[in-house]
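Structure first, then comments.
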Amino acid sequence: MNQLTVLVTDDDQDIRDGIEIYLKNEGYRVLKAADGLEAIELLEQNEVHCIILDIMMPNMDGITATFKIRAERNIPIIMLSAKAEQTDKIHGLSVGADDYITKPFHPLELMARVKSQLRRYVNLGTAGESVPLVEGLELDAAAREIRVDGTPVKLTPTEYKITELLLKNAGRVYSISDIYELVWNEPAYNAENIVAVHIRKIREKIEADPKNPRYLKVVWGLGYKIEK
């Protein structure tokens, strides 16, 4: 496999350079951008496998950049922010980010999150045909794609992983902690809102009526499942 590329976007040059050192030590190719506009330009010119994206930047902030990136790409996005409030984290995830880390952070924690996102994005589903595991829902592991009545839906890597987990185990109820630990590969801590945001986004994409879901059901007090 070719060397994986990570795009680091932050208006603070010291942060960009510091993250670059750790990423290169892990063997990644690194691109750097000072704002969202520059990041999008680099995306158009290079194959990128993961994006580290600060929220507060001049010219184009991270939220706006994420909207534009998600319109065309499902590359994993890890947001950086000095804001630790839960509402800011939910906002970042709701616009399409896959993970969120608060400044100041330990570089090794960031590297662990980058590796986790890249594993899901690059290694998820190495082979296999499109399989209808539930009537109307198909899983194409090779393309890392979910289809609803034959039509592909655009899911972020994290949304795909959640849907894949529930779809492959249709009828089984997974608690919020189960989903978080299996998808994020880390202990669940205050995971309720994070998982709920992703479930809502998945429903908006796979359900004809997200308020009355046909597939992705909540089992009150227990968790979520995809109906057989």
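For the stretch 81-103, filtered to residues that are modelled with pLDDT of 75 or more and part of a loop (DSSP other than H, G, I, E, B), the residue that is nearest to VAL195 (Cα to Cα) is ASP98. Restricting the stretch 113-143 to residues that are out of contact with any Lys or Arg (no Cβ under 8 Å at 6 or more places or on another chain) and at pLDDT 80 or above, which is nearest to TYR100 (Cα to Cα)? Filtering first and then ranking leaves ARG113.
Tell me whether the stretch 185-193 contains one or more residues that are surrounded by 13 or more Cβ atoms within 10 Å (Cβ to Cβ), at pLDDT below 95 and part of a helix (DSSP H, G or I).
Just the residues of the stretch 185-193 that are surrounded by 13 or more Cβ atoms within 10 Å (Cβ to Cβ), to begin with: 185-186, 188, 191, 193.
Filter once more, so that each one left must be at pLDDT below 95: 185-186, 188, 191, 193.
Cutting the leftovers down to part of a helix (DSSP H, G or I) gives us 193.
Looking for residues that are surrounded by 13 or more Cβ atoms within 10 Å (Cβ to Cβ), at pLDDT below 95 and part of a helix (DSSP H, G or I), one finds at least one in the stretch 185-193, hence yes.
ILE162 meets the conditions (1) part of a helix (DSSP H, G or I); (2) open to solvent by less than 60 Å² (accessible area, probe 1.4 Å); (3) at pLDDT below 90 in every case but one. The failed one is (3).
Let's see how each residue does on (1) of a type in the set (A, V, I, L, M); (2) open to solvent by 20 Å² or more (accessible area, probe 1.4 Å); (3) in contact with a helix residue (DSSP H, G or I) (Cβ under 8 Å, 6 or more places away or on another chain); (4) at pLDDT 95 or above:
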position	(1), (2), (3), (4)
LEU4	yes, yes, yes, no
ASP10	no, no, yes, yes
VAL48	yes, no, yes, no
ILE52	yes, no, yes, yes
ASN59	no, yes, yes, no
GLY62	no, no, yes, no
PHE67	no, yes, no, no
GLU72	no, yes, no, no
PRO76	no, no, yes, no
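Of all positions in the stretch 28-36, at least one carries a residue that is in contact with a Ser or Thr (Cβ under 6 Å, 6 or more places away or on another chain), closer than 22 Å to ALA112 by Cα, among the small types (Gly, Ala, Ser) and open to solvent by less than 40 Å² (accessible area, probe 1.4 Å).
Okay, residues lined up against (1) open to solvent by 10 Å² or more (accessible area, probe 1.4 Å); (2) touching a Cys at 6+ places or on another chain (Cβ under 6 Å); (3) assigned to a helix (DSSP H, G or I):
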position: LEU155; (1), (2), (3): yes, no, no
position: ALA170; (1), (2), (3): yes, no, no
position: SER177; (1), (2), (3): yes, no, yes
position: VAL183; (1), (2), (3): no, no, yes
position: ALA196; (1), (2), (3): yes, no, yes
position: ILE202; (1), (2), (3): no, no, yes
position: ASN212; (1), (2), (3): yes, no, no
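Taking the conditions (1) closer than 15 Å to VAL6 by Cα; (2) part of a helix (DSSP H, G or I) in turn, LEU31 satisfies each one other than (2).
The values are calculated or read from the model by the stated rules, or taken from the named source; none is laboratory data. Keep in mind that this is a model prediction, so the values were computed, not measured. Neighbour counts run over all protein chains shown; Cβ positions are idealised from the backbone, glycine included. To get the accessible areas, we keep the full protein, side chains included, count just its heavy atoms, and leave off ligands, DNA and RNA. Shrake-Rupley method; radii C 1.70, N 1.55, O 1.52, S 1.80 Å.
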